[in-house]
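All of the numbers you see were taken from the coordinates with simple rules; none came from a lab. A quick note: this is a predicted structure, and the numbers were derived from the prediction, not measured. Backbone-built Cβ (ideal geometry, glycine too); neighbour counts: all protein chains shown.
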Amino acid sequence: MSVTAENYVMDVTLDPRTGALDAKADVTFRCAAGARAIELLLNPALKLIAVRDAEGKALDAVRSSLMGSATLGVRLAQACPAGGAAKLRFEYAGTLRMRQPFYPSERFLLLRDDDEWYPLGGAFDFAESDVKVRVPAGYEARTSGNLVERKVEGEQIAYHWKTGHAEDGRALVVYPMPRRSSEVQTMELPAAPGTNSGAPPLVRVEEVCNYDTAARLDFGGCGTLAKRAADIVQRFTQMLGPPPEKSLTIVPGPWGGESAVGYSAPALLVVSDWGARFAGVAEYAPEFLAHEIAHQWFPDAVAPASAGDGWLAESLAEYLAWRYLLRADPEAARAMVEKAMRDGVAYAPARPLSLGLELMNGASEEQEARATLYERGMLVFRTLETVIDRERVDRVLPEFYRRFAGRSASIADFQAVCEEIAGRKLGWFFDYYINGTRIPTIELKRGPSETPAVAAGEILVQDFPPEGSVRVEMTVRTAEGLVQHSVATRGAETPFTVNVPAPAMGITLDPDLRILRWTAAAERSRTQTEILAAVPEPITRENLPAAIEIYRRALAADPQDASERGQSLRERLGELEYAADKSSEALADLEAAINGHSISTYETYLWRTKAYLYHGVVELHEGRPKAALADAQSAMQMPRMVLERTVPERPVESQGEQTLEQLLRILTNAATHY
């Protein structure tokens with residue numbers, strides 16, 4: 001951009017109970033080229049009272065005529081020369097409008113950069129900040145930087161925060177002041193080995209958990225988040241280099257519904273109620289906390305040069321989360337990859353990763369962003385490992401961070417670092433996987449061998465750049481054990497031979513799913529999704545038979561359950577069959593769901609719990625209260641994280657949205673008084 005913000009000095013009065021804000025902001029802009037006007041963003045709900053220059057002269061400011069637009073143009077009294085600076089003072093007030101899922105409550109308020117609560121220059125500007133914020137007594141206010149002063153001013157408390165270096169973002173969170181020291185737990189990572197024993201800690205991780213929603217932590221209690229976060233920070237420090245900030249404050253927020261949602265800003269991480277409550281449960285969103293902490297490096301320290309470069313934020317954070325789980329929880333890491341190879345590959349219509357953060361705009365933003373930026377994007381990093389090998393990827397990441405920390409970087413910048421360390425051009429890889437939407441098919445063709453001590457064949461690659469090459473791993477199964485081998489592909493057909501101790505009984509290609517490619521799970525999942533798109537909405541008594549038939553067709557499309565969606569489909573089919581008075585069919589499908597498995601442990605628990613519930617409903621309907629009670633009791637043994645989750649679809653017979661736990665209690669009561 002021709003004009004960027006490089007310094008903010010703000011004085012803010014904020015009431016989290018109403019969202020009312022009154023502020024003054026002195027902003028210094030740097031002009032890369034000559035400028036007669038400056039364009040920026042300010043929340044349209046905020047009334048601009050005045051804009052003045054450094055001499056105190058009032059300036060003309062024009063709001064965009066587009067409904068709801070935050071664009072604001074300020075005409076300068078004197079042109080800002082190339083390389084020069086312009087300092088403006090803004091005075092504004094109002095009640096903020098904020099976006100989901102970070103709605104405020106009476107006891108919590110999060111202001112993100114996206115909320116445009118201050119005059120925002122470029123979306124990825126690095127700037128120093130000096131922020132004084134006043135909030136009602138009983139609240140704390142936290143933003144990036146170091147706390148300079150905290151003092152009481154009448155019925156308000158003023159907090160003064162100041163950064164020591166330019167940072168990408170000025171998020172502000174307000175929450176109830178801790179009443180006891182036990183409501184704040186701190187973990188300190190020691191300084192690097194070999195440093196002076198009196199050296200300050202490498203990083204200080206602080207968890208705040210003093211208000212009602214977070215006080216109900218079901219597993220581990222206060223400090224669980226801080227402990228796990230410290231472990232993650234330590235691992236990422238080993239991979240990437242010292243964290244960009246010397247502290248990390250984690251604040252749970254009362255929003256996000258029954259899911260793990262987070263927002264990362266320099267030295268600050270806000271997580272949803274559920275993300276905090278179940279932080280100690282390995283099965284629940286295991287990649288969530290690592291993904292959010294990875295954002296401290298990317299994009300909080302190395303920002304995308306544009307929205308289209310967002311692959312370097314979300315996809316890289318997801319890849320780093322997988323790398324963390326690979327060490328901390330290998331089973332969760334495996335499930336994470338399997339799910340991505342199913343959902344990220346099969347999502348249609350496919351859109352290029354080069355759209356980056358633009359994928360988060362639109363009605364289907366969450367589903368599309370997760371499938372594309374998170375899952376497919378993470379798989380592209382895994383595929384990069386097979387192109388330049390993981391050891392070189394592990395050299396690329398810290399070098400990329402070191403080179404661009406404190407400023408913005410593009411995908412082209414990342415490509416240049418990859419090529420420098422790999423020692424060869426990689427344009428085909430970035431054009432194909434980042435700018436394109438195609439996905440290759442990689443298959444094995446067994447061939448004859450001259451001796452039983454050799455397994456031979458060809459690796460066939462379709463719909464792939466002719467100059468492209470990936471290293472394909474394979475496992476050869478013999479009567480005397482497994483033999484591991486790998487082959488770097490060349491063109492459409494790559495012959496190979498493997499020495500084996502006994503005749504090969506079978507060969508598995510890419511057993512760890514390291515390459516983004518079409519698999520049976522992805523192909524069948526896409527087919528099932530296309531079939532299920534015809535399910536009527538809403539399901540009524542009249543269209544119930546059609547809905548049941550569609551679910552049966554979806555199951556028939558994947559008889560071996562390669563997609564591992566069978567458990568959820570069986571559970572839903574059982575609900576519908578019961579509603580259609582087909583009790584025997586419902587019991588059979590619900591029993592299959594109870595005994596089935598999904599890709600992740602969490603999903604397996606969820607569908608099994610629901611299947612137990614509706615199996616009990618059918619048993620009670622059929623006059624077997626003891627069997628119904630046994631089902632309810634079995635379901636109540638499932639983890640609380642699934643018992644409390646709201647039924648995601650409204651079953652015909654539930655007559656409204658109730659939690660599984662509520663429905664189970666109703667069933668238990670009915671069965672015991674039958």
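Sorted by mean Cβ packing within 10 Å, highest first, what order do the peptides 21-29, 636-644, 284-292 take?
Working: 21-29: 20.3, 636-644: 17.6, 284-292: 23.2.
Highest-to-lowest ranking by the protection proxy: 284-292, 21-29, 636-644.
Using the Cβ-Cβ distance between residue 65 and residue 307 with R0 set to 22 Å, the FRET efficiency works out to roughly 0.40.
Its Cα gyration tensor gives segment 207-354 an equivalent ellipsoid; the semi-axes, largest first and in whole Å, are 24, 19, 16. Averaging Cα coordinates gives a centre for segment 13-48 and one for segment 556-627; these two points are 54 Å apart. Taking the square roots of 5 times each eigenvalue of the Cα gyration tensor of the chain, largest first, gives ellipsoid semi-axes of 46, 36, 24 Å.
Separation of segment 267-297 from segment 332-387 is 19 Å, based on Cα centroids.
In cubic angstrom, how much convex hull volume per residue do the alpha carbon atoms of segment 250-304 span? Show your work: numbers first, answer last.
On the way: hull volume 4.0 nm³, N = 55.
Hull volume normalised by residue count: 73 Å³.
Fully extending the segment from residue 543 to residue 475, taken as 0.36 nm per residue of separation minus the present Cα-Cα distance, adds 19.6 nm.
Taking the chain, the Cys residues with no second Cys beta-carbon under 4.7 angstrom are 418. In a fully extended conformation the segment linking residue 424 and residue 492 would gain 22.4 nm over its present Cα-Cα distance, using 0.36 nm per residue. Scattering from segment 520-672 was approximated by placing one identical point on each alpha carbon and applying the Debye formula without solvent; log10 I(q)/I(0) at 0.11 1/Å stands at -0.40. Axis of helix 601-621 versus longest Cα principal axis of the chain: the two differ by about 60°, to the nearest ten degrees. Close amide H contacts of residue 457 (hydrogens built in the peptide plane, cut-off under 5 Å, sequence separation of 5 or more or a different chain): 447, 496.
Rounded to the nearest Hz, the phi-derived 3J(HN,Hα) couplings of segment 29-43 under the Karplus curve 6.51 cos²θ - 1.76 cosθ + 1.60 (θ = phi - 60°) are 9, 9, 9, 5, 10, x, 9, 9, 8, 10, 9, 8, 10, 8, 2, where x marks glycine and proline.
So how do 60, 168 line up by other beta-carbon neighbours within 10 Å, fewest first? Provide the component values of the computation, followed by the final result.
On the way: 60 11, 168 24.
Ordered from fewest to most neighbouring Cβ atoms within 10 Å, 60, 168 come out as 60, 168.
Relative to the dominant Cα principal axis of the chain, helix 544-556 is inclined by about 80°. For the pair residue 87 and residue 331, a Förster radius of 41 Å applied to the C-beta separation gives a FRET efficiency near 0.15, rounded to the nearest 0.05. The helix-based estimate of mean residue ellipticity at 222 nm for the chain, built from -39,500 (n - 2.57) per DSSP H run of four or more residues and divided by its residue count, is -9500 deg cm²/dmol to the nearest 500. Spacing of the modelled spin labels on residue 622 and residue 351, each 7 Å from Cα toward Cβ, amounts to 4.7 nm. How many percent of all Cα-Cα pairs in segment 376-487 sit more than 24 Å apart? The answer is 39 percent, as a whole percent. Here the relative contact order of segment 520-672, from alpha carbon pairs under 8 Å that lie six or more residues apart, stands at 18 percent.
Within 10 Å, count the other beta carbons around each residue, average over each peptide in 244-254, 78-88, and list them highest first.
Details: 244-254: 22.7, 78-88: 14.9.
With the highest mean Cβ count within 10 Å placed first, the list reads 244-254, 78-88.
What does the charge add up to near residue 548, with Lys and Arg as +1, Asp and Glu as -1, over the other residues with Cβ less than 13 Å from its Cβ? Computed value for this residue: -1.
Using 0.36 nm per residue and subtracting the Cα-Cα separation, the extra length available between residue 580 and residue 502 on full extension is 22.5 nm.
For residue 268, the residues whose modelled amide H falls within less than 5 Å of its own, excluding neighbours fewer than 5 places apart on the same chain, are 249. In degrees between 0 and 90, to the nearest 10, how far off the longest principal axis of the chain does helix 314-328 point, with axes built from Cα atoms? Approximately 60 degrees, to the nearest 10.
Amide H to amide H distances under 5 Å link residue 472 with 487, 488, 489, where only residues 5 or more positions off or on other chains count and H is placed in the peptide plane. Give 24/57; 162/246; 24/87; 132/162; 87/151 a once-over and call out the pairs whose C-alpha atoms are over 18 Å from each other. Over 18 Å Cα-Cα: 87/151.
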